[in-house]
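Student: Below are the structure tokens for one structure; questions will follow.
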């Protein structure tokens with residue numbers, strides 16, 4: 001009888017946790033971004049449940065059920081969250097995204113350079129050679145900042 005009451009309390013606590021967890025959903029326009037967002041959400045959920053588990057005393061992780069000792073729902077959820085986090089990170093790693101992003105940057109970089117050169121050389125701007133050179137250096141520095149750690 002006591003075990004069933006403990007189980008109901010644990011299940012109610014999990015339901016309350018689920019009610020508090022409300023991620024923002026967005027349509028999938030960019031599958032890569034969606035996958036990375038999903039990985040972040042899974043990791044955030046893992047951390048959230050991990051925080052709940054951390055609040056439990058170790059001796060309360062298990063309780064006596066009707067037939068045998070049982071594991072609290074929070075512990076099972078946390079274990080699943082750990083597994084899913086690991087799985088999605090391994091899947092993302094298998095996609096070799098860094099190499100793919102580097103290839104995209106290699107294709108886009110010449111277009112950006114041509115665009116900047118065209119703008120800086122535009123007669124309507126009437127820039128001196130010194131101003132054009134300063135503009136090139138500023139653009140290059142900003143591109144280096146933006147791509148640092150990405151490619």
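The values are calculated or read from the model by the stated rules, or taken from the named source; none is laboratory data. Worth saying up front: this structure is predicted, and the values here are computed from it rather than measured. Glycine also receives a Cβ, built like all others from the backbone with ideal geometry; neighbour counts cover every protein chain displayed.
Student: Across region 21-65, what is the total count of residues that are at pLDDT 75 or above and not in a loop (DSSP other than H, G, I, E, B)?
Tutor: Summing the residues that are at pLDDT 75 or above and not in a loop (DSSP other than H, G, I, E, B) in region 21-65 gives 25.
Student: Could you figure out which of (1) closer than 16 Å to residue 79 by Cα; (2) in contact (Cβ under 8 Å) with a residue 24 or more places away in the chain isn't true of residue 32?
Tutor: (1)
Student: Quick one: would you say residue 109 is within 21 Å of residue 32 (Cβ to Cβ), assigned to a helix (DSSP H, G or I) and either at pLDDT 85 or above or outside the structural domain of residue 33 (by TED's automatic domain parsing) (or both)?
Tutor: So residue 109 fits the description; yes.
Student: How many residues are out of contact with any helix residue (DSSP H, G or I) (no Cβ under 8 Å at 6 or more places or on another chain) and over 23 Å from residue 97 (Cα atoms) when one looks only at region 26-47?
Tutor: Qualifying residue count, region 26-47: 1.
Student: Oh, and also: Within the group 123, 103, 86, which residue is at pLDDT below 90 and either closer than 30 Å to residue 50 by Cα or not in a loop (DSSP other than H, G, I, E, B) (or both)?
Tutor: Being at pLDDT below 90 and either closer than 30 Å to residue 50 by Cα or not in a loop (DSSP other than H, G, I, E, B) (or both) holds for just one of 123, 103, 86, which is 103.
Student: Sticking with this one: Would you call residue 115 over 25 Å from the mean Cα position of the chain (by Cα) and either without any contact (Cβ under 8 Å) to a residue 24 or more places away in the chain or assigned to a helix (DSSP H, G or I) (or both)?
Tutor: On the way: over 25 Å from the mean Cα position of the chain (by Cα): yes; either without any contact (Cβ under 8 Å) to a residue 24 or more places away in the chain or assigned to a helix (DSSP H, G or I) (or both): yes.
For residue 115, the condition - over 25 Å from the mean Cα position of the chain (by Cα) and either without any contact (Cβ under 8 Å) to a residue 24 or more places away in the chain or assigned to a helix (DSSP H, G or I) (or both) - is met.
Student: Tell me which of these residue 128 doesn't satisfy, since it passes every other one: (1) modelled with pLDDT of 90 or more; (2) in the same structural domain as residue 17 (by TED's automatic domain parsing); (3) loosely packed, with under 14 Cβ neighbours inside 10 Å.
Tutor: Of (1) modelled with pLDDT of 90 or more; (2) in the same structural domain as residue 17 (by TED's automatic domain parsing); (3) loosely packed, with under 14 Cβ neighbours inside 10 Å, only one is false for residue 128: (2).
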